[in-house]
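Have a look at the structure below before the remarks.
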Amino acid sequence: MTLNEMGAAAQKTSRFLVKLGQDHKNAALGRVARALEDQAQELIRANETDIKNACEKGMKESLIDRLRLTTDRINSMAQGIDQIISLNDPVGEI
């Protein structure tokens, strides 16, 4: 998928999401957070390939560190999503 195609898909999806209520959006976000937690080990294993490729291509260690997934980092992502769920939905606000 090209960047233009991804942008078009995101725009189309945004029109759909704006019509959903906060409960639906929060439920979907909750599923994403739980999926991150539930699949953490699979994500870490797949990430090892990314790290290996980055090392082989000479990427700076500081960038590799940003790329590296750990259980703590994945749990932080899930917690961040949970924090977003606790916020009021800003859609339609000015």
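From the Cα gyration tensor of the stretch 28-94, with a ≥ b ≥ c the square roots of its eigenvalues, which class applies: rounded if a/c is under 1.5, or else prolate if a/b is larger than b/c, or else oblate?
Because a/c hits 1.5 or more and a/b exceeds b/c, the stretch 28-94 counts as prolate.
Show which aspartates and glutamates lie in cross-link reach of Lys19 when reach means a straight Cα distance below 20 angstrom and same-chain residues fewer than eight apart are skipped.
Reachable aspartates and glutamates: Asp89, Glu93.
Work out how much length Arg73 to Asp23 would gain on full extension: take 0.36 nm times their residue separation and subtract the Cα-Cα distance, in nm to one decimal.
Values: separation 50, 0.36 × 50 = 18.00 nm, distance 2.64 nm.
Length gained, Arg73 through Asp23: 15.4 nm.
Just want to confirm a number: the relative contact order over the chain, from Cα pairs under 8 angstrom separated by 6+ residues, in percent.
Relative contact order of the chain: 39 percent.
With a 1.4 Å probe and all protein chains left in place, how much accessible area per residue does the chain have, in Å²?
Numbers: 7460 Å² over 94 residues.
Each residue of the chain exposes 79 Å² on average to a 1.4 Å probe.
Percent of alpha carbon pairs in the stretch 8-50 separated by more than 12 Å?
For the stretch 8-50, the share of Cα pairs beyond 12 Å comes to 69 percent.
Considering the dipole of the stretch 1-46 built from charges on the beta carbon (Lys and Arg +1, Asp and Glu -1) around the Cα centre, which of Val18, Ala40, Leu3 is farthest to its positive end?
Selected residue: Val18.
Charges only on Cβ, +1 for Lys and Arg, -1 for Asp and Glu: so what's the dipole of the chain about the Cα centre, in debye to the nearest 20?
Details: 13 positive and 14 negative charges, 55 e Å.
Using Cβ point charges on Lys, Arg, Asp and Glu, the chain gives about 260 debye.
Sum up the charges of everything whose Cβ sits under 14 Å from the Cβ of Gln41, counting Lys and Arg as +1 and Asp and Glu as -1, but leave Gln41 out.
-3
The values are calculated or read from the model by the stated rules, or taken from the named source; none is laboratory data. All values derive from a computational prediction rather than experimental measurement. Ideal geometry is used to build each Cβ from the backbone, glycine not excepted, and the neighbour counts take in all protein chains shown. Surface areas here come from the heavy atoms of the whole protein model, side chains and all, with no ligands, DNA or RNA. Shrake-Rupley method; radii C 1.70, N 1.55, O 1.52, S 1.80 Å.
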